Amino acid sequence: MKIVFFVFTLLFICSLEASPPDFEKVQCKGVVKELFSKNVEEFGVWRSTFPDSFVYEAFRFHPYFPTNWSEVQISKKDMIVRTYDGKDLKEANIGSDCSLNFQKIDFPFELKKNEKLDTDFDDQKLIVYLKTLKKNKSALFYLWSPKFSYSVTHYPFVEKYARDLGLEFIPLLDPRVNREESLRSLNLAYSDFWKKNALKHRSLANQGSVAKTFSMDFYLRFGFSHFPISIVASNEKIHPRWITGVMTEKGFKAQVKKIIKELN
Amino acid sequence: MGYQIKIFRVLLAFLMAIKIEAATCVPAHEYFPMEGKWVPKNDNGDIVLGMYARMSPDGKYVLRSFSGKGLSQVTLIELVRASKNSVQVYETPFSNEAFPVQGSWRYLVDIGGQHYLLDDIKKYQKNADKQFTGGIRGFYTVASELLGGTKEKHQIRSLSWPNEATGGGEQGVGVLSNQVITAQMNGKGVATKIDSGKMNYMCANLRKSDGNVMSLPMMSPWGTEFASMPQDPKNGDPSMRIYEFADNHKDCRLVQDLGLAVAKINFSFPAVSGSQIEAVLFYASGSVGGKGNGVSFFERKTKKIFSLDDPDRRVRADSYPGFTRDGRIMYGAYWDDCTNGACVEKAGYVLSDPLQSDDVKKFKTLYPEEGKHLKECITDEDVKTIVF
């Protein structure tokens with residue numbers, strides 16, 4: 001049985017390829033290559049993403065900086081391009097004459113329909129903040145929601161891990177939920193499950209704990225598809241790999257250390 | 001002779017009527033609004049759905065986690081089909097991301113491994129008594145009843161990262177593990193655990209390729225496959241991958257790499273009546289462009305990703321979806337309820353037939369050969385044949 005497993009694994013490794021779009025094969029490749037000239041390894045990574053439909057192969061460029069997002073949906077007949085520059089989300093179809101006509105499109109409902117306070121977080125704040133993160137200065141954005149209980153119960157733990165490693169801990173709440181209720185669930189989880197541990201490390205339940213995130217950048221990093229999501233930034237950059245879910249202290253710290261090393 | 005022909009014609013008409021009735025498609029989408037004083041609301045006054053939701057194989061129940069006020073942390077929601085669909089809510093004694101034993105839904109399990117009967121939760125709600133305690137205790141535990149079990153005797157595989165409290169110690173750091181317990185039920189309907197099984201630390205055979213931090217585990221309904229996303233694979237980017245359990249319960253065989261970094265996925269049931277597609281489901285939050293409704297599924301034969309949609313209702317999915325036994329997809333969502341052009345936003349649960357989605361229909365038109373295993377729709381008859 002082990003031999004069979006080994007052979008399958010070997011076959012799989014041999015068949016693995018990186019997944020950037022093959023712009024050599026697309027129509028209007030000159031226009032496309034110029035359009036994506038900044039979407040190169042130096043600035044981020046291309047990854048496969050959700051296609052609009054089975055007819056498309058979809059790729060998204062995950063940048064180190066929030067102003068350099070691109071997504072492309074490629075079919076045999078057409079190509080849809082989407083960009084986000086830290087402010088506007090735009091879409092264009094590449095026509096048969098290779099023309100590009102970008103139009104602004106709506107933010108997803110998760111971001112646009114919920115009320116926003118001045119104390120909440122968005123990409124303007126993210127861009128300014130990242131520029132303060134010089135070499136070897138790091139931060140951990142912790143996206144949490146009472147919709148995912150682990151993200152509540154593990155909140156104080158992750159804050160401790162981040163502080164142990166010298167990172168600034170920036171908790172950001174799911175914009176779709178009730179602030180007061182979220183704060184209450186955080187306190188409840190705190191007292192019910194983790195009182196002994198958590199009291200050693202922090203004073204919970206401050207207003208900062210319920211600042212909501214309206215960051216399109218974090219949405220594009222799939223920060224709203226699960227909670228918690230931990231996103232690490234350092235040296236003015238966000239790492240395109242994020243940490244999904246909770247894990248034990250050793251596993252979590254090992255992941256964060258590796259990401260910080262890669263960013264510096 | 002004329003009399004016999006008449007009887008024959010009547011019989012033929014009757015049989016045809018049965019056939020037509022048997023071929024009646026289920027609605028492409030069914031909506032069950034969540035309404036009542038108890039529903040949690042956000043700062044806008046909108047209803048908040050629990051994103052971490054588990055769907056029962058008969059399409060009747062949702063086990064929903066949400067740390068809000070008004071209800072217990074985990075609630076069992078029953079979809080009530082009537083002239084005006086609604087939901088019935090049952091509180092539970094569970095906490096955190098409690099989970100069902102997939103496949104049969106014979107038990108609902110709290111994160112400490114306490115197994116409760118579904119019927120007891122409905123009858124006694126928060127005051128229900130557990131039947132027994134067993135299986136893995138750890139982050140993101142999932143469980144499935146192994147195929148071949150009976151009401152009297154059955155095996156349950158649980159899968160998780162055991163945490164230190166379970167005695168797993170450092171081995172629990174990101175190492176997926178599974179445990180198979182055996183339970184029996186007596187004539188009075190009381191279940192007991194008769195074998196605790198043992199902890200199996202898994203996938204050491206894949207450590208050089210997939211790394212040793214496997215996140216977001218999810219298991220197939222009968223516990224034969226599981227999905228997980230290696231956080232730091234040695235052979236590429238983190239992506240959701242499907243693996244098969246080896247007979248020794250320890251080794252893992254990579255079956256399919258979905259090539260996407262996504263949240264937990266959910267498996268369809270193995271096809272038995274031909275109605276089901278063999279697929280895994282995604283909650284597609286993170287997509288832009290307003291296409292689809294937030295639920296996508298990877299069809300395993302064509303290896304294509306299809307999206308669900310109901311553009312008339314502007315559906316926006318807001319929970320993890322799940323497959324029913326007959327192949328329908330169930331999920332929490334927001335939608336527009338419109339009368340004479342005036343629309344009201346509703347929140348609740350939706351049951352959709354993926355075979356009737358525009359994307360699947362388009363695929364069948366463009367690729368009739370590759371799409372011939374995909375039926376026109378799930379029928380009422382398919383739904384009736386569910387064994388639950």
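Throughout, read-outs are computed from the coordinates displayed, never taken from laboratory work. Just so we're clear, the structure is a prediction, and the values are computed from it rather than from any experiment. Neighbour counts are summed over all protein chains in view; Cβ atoms, including those assigned to glycine, are modelled from backbone coordinates with ideal geometry.
Nearest 20 debye, what's the magnitude of the dipole of the protein assembly as shown about its Cα centre given +1 on Lys and Arg Cβ and -1 on Asp and Glu Cβ?
Dipole size: approximately 1140 debye.
From Cα coordinates alone, what are the radius of gyration and Dmax values for the protein assembly as shown in angstrom?
24.9, 98
Could you calculate, for chain B, the ratio of the Cα radius of gyration to the Kirkwood radius, expressed as Rg to Rh? Can you show the working numbers first?
Values: Rg = 22.2 Å, Rh = 22.2 Å.
Answer for chain B: 1.00.
Give me the net charge of B:Lys264's neighbourhood, meaning all other residues with Cβ under 12 Å from the Cβ of B:Lys264; Lys, Arg count +1, Asp, Glu -1.
So the surrounding residues net to 0.
Once label points are set 7 Å from the Cα along Cα→Cβ at both B:Gln88 and B:Lys41, what is their separation, rounded to one decimal in nm?
Going by the 7 Å Cα→Cβ label model, 2.7 nm.
May I ask for log10 I(q)/I(0) of segment B:294-388 at q = 0.23, 0.24 Å⁻¹, from a Debye sum over the Cα atoms as equal point scatterers with solvent left out?
Debye output, listed in q order: -1.22, -1.27.
Please go through the residue pairs A:Lys237/B:Lys264; A:Lys147/B:Lys234; A:Lys38/A:Lys250 and name each one whose alpha carbons sit more than 29 Å apart in this structure.
Over 29 Å apart, Cα to Cα: A:Lys147/B:Lys234; A:Lys38/A:Lys250.
Enumerate the residues in segment B:191-205 having an amide nitrogen under 15 Å from the point lying 7 Å beyond the Cα of B:Leu146 toward its Cβ.
B:194-201
Specify which residue in the list A:Gly251, A:Phe224, B:Ser220 is farthest towards the positive end of the charge dipole of the protein assembly as shown, using unit charges on the beta carbon of Lys, Arg (+1) and Asp, Glu (-1), about the Cα centre.
The one lying farthest along the dipole's positive direction is A:Gly251.
If you fit an axis through the alpha-carbon atoms of helix B:2-22 and take the longest principal axis of the Cα set of chain B, what angle between them do you get, 0 to 90°, nearest 10?
Computed tilt is about 40 degrees.
Quick one: P(r) of segment B:269-324 from all Cα-Cα pairs, 5 Å bins, percents rounded to integers, in order of increasing distance.
Each 5 Å bin holds this share of Cα pairs: 4, 19, 25, 24, 16, 9, 3, 0.
So what's the back-of-envelope 222 nm ellipticity for chain B, counting only DSSP H runs of four-plus at -39500 (n - 2.57) apiece and dividing by all residues, rounded to 500?
-3500 deg cm²/dmol
Please work out how much length the chain gains when fully extended from A:Lys77 to A:Lys257, using 0.36 nm per residue of separation minus the C-alpha to C-alpha distance, in nm with one decimal.
60.4 nm
Give the percent of DSSP beta bridges with both residues in segment B:49-160 that are antiparallel, rounded to the nearest 5.
For segment B:49-160, the DSSP antiparallel bridge percentage is about 95.
Under 16 Å from a label point 7 Å along Cα→Cβ of B:Lys301: give me every residue in segment B:367-385 with its amide N that close.
B:367-379
If each residue of separation counts as 0.36 nm, what is the full-extension length gain between B:Cys343 and B:Asp58 once their alpha-carbon separation is subtracted?
99.5 nm
If you take the Cα atoms of segment B:118-267, find Rg, then find the Kirkwood Rh from the mean of 1/r over all pairs, what is Rg/Rh?
Result: Rg/Rh = 1.01.
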